[in-house]
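Just below is one structure, and these are the notes that go with it.
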Amino acid sequence: MTDSRSALSKLRIAGWAIVGLLLLLPVAAMRLQVDGVDWGTEDFIVAFVLLVGSGLLIEGLVRVSHNPAYRLGAALAVLTTLFMIWSNLAVGIVGSENDPFNSFYFLLLPLIALGALIVRLRARGMAAVMALAAIFPVGMAIAALALRKHLQPMGSVTEIVGVNSLFVLLYGLSALLFWKTARRPVP
């Protein structure tokens with residue numbers, strides 16, 4: 001038990017160190033005058049809220065179960081959602097970040113949160129919530145293609161299908177980890 005607590009403690013320290021590093025990278029890039037890196041105060045506030053909020057959410061979710069698969073599934077769900085938000089804000093998932101279509105991706109956030117509350121974070125229910133989260137990007141890709149977003153200057157079929165497939169894969173993997181936990185729970 002002490003070894004697992006020690007390992008978890010080291011993971012926590014590493015995780016928070018990564019958060020700190022990610023917050024310092026744009027500062028260093030701006031000091032070095034790297035092209036394309038010109039963050040304002042609002043960018044740092046958004047980054048801080050997203051990174052620290054995700055870290056705190058992971059901290060809370062790993063306490064729900066001692067099962068490593070549950071913990072990994074929860075962390076993967078949070079990190080995938082963080083990646084989706086960050087990439088959508090930075091460059092946009094479909095076309096550019098200014099394309100209004102991208103705002104529909106944010107609908108996934110309350111759906112996941114509401115689903116998690118309804119199933120009370122139980123592994124079997126979370127598997128279903130993450131499976132639904134994995135289906136969401138499929139619908140978004142179909143909608144983007146139906147709306148001919150791939151014909152815009154900043155879009156292509158490969159990009160739309162590829163990025164959305166990545167989200168399907170990551171949320172699907174999270175669902176499988178929760179399902180594994182539900183099949184063989186660890187006390």
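Only helices enter the 222 nm calculation for the chain: every DSSP H run of n ≥ 4 contributes -39,500 (n - 2.57), and dividing by all residues gives -25500 deg cm²/dmol, rounded to 500. Of the residues MET30, PHE104, ILE13, the one whose Cα sits farthest towards the positive end of the charge dipole of the chain is ILE13 (charges of +1 on Lys and Arg Cβ, -1 on Asp and Glu Cβ, taken about the Cα centre).
Compared with the alpha-carbon gap, the fully stretched path from LEU32 to ALA113 is longer by 25.2 nm at 0.36 nm per residue. Each residue, SER4 and ALA143, gets one label point 7 Å from its Cα in the Cβ direction; the gap between the two is 4.1 nm. Please work out the C-alpha center-to-center distance from segment 116-187 to segment 1-54 and express it in whole Å. Cα centres, segment 116-187 to segment 1-54: 25 Å. Among the trypsin sites (Lys or Arg not before Pro) in segment 128-181, those placed in a DSSP loop whose Cβ has at most 13 other Cβ atoms within 10 Å are ARG148. With the charge dipole of segment 67-183 set up from +1 on Lys and Arg Cβ and -1 on Asp and Glu Cβ about the Cα centre, the Cα lying farthest toward the positive end among the listed residues ALA127, LEU170, PRO137 is that of ALA127. Highest mean packing first, where packing is the average number of other Cβ atoms within 10 Å per residue, the peptides 126-134, 90-98 line up as 126-134, 90-98.
For the peptides 65-76, 33-44, residues were scored by their other Cβ atoms within 10 Å and the scores averaged per peptide; the highest-first order is 65-76, 33-44. Using a/c under 1.5 as the rounded threshold, could you call the chain rounded, prolate or oblate? The axes a ≥ b ≥ c are square roots of the C-alpha gyration tensor eigenvalues, and prolate needs a/b larger than b/c, oblate otherwise. Oblate, since a/c reaches 1.5 and b/c is not below a/b. The magnitude of the dipole of the chain, with charges of +1 and -1 set on the Cβ of Lys/Arg and Asp/Glu and taken from the Cα centre, is near 1140 debye.
Where a number appears in this text, it was derived from the coordinates with a stated rule and is not lab data. Please read these numbers as outputs of a predicted model, since none were measured by experiment. In this analysis, Cβ positions are derived from the backbone assuming ideal geometry, glycine residues included, and neighbour counts consider all displayed protein chains.
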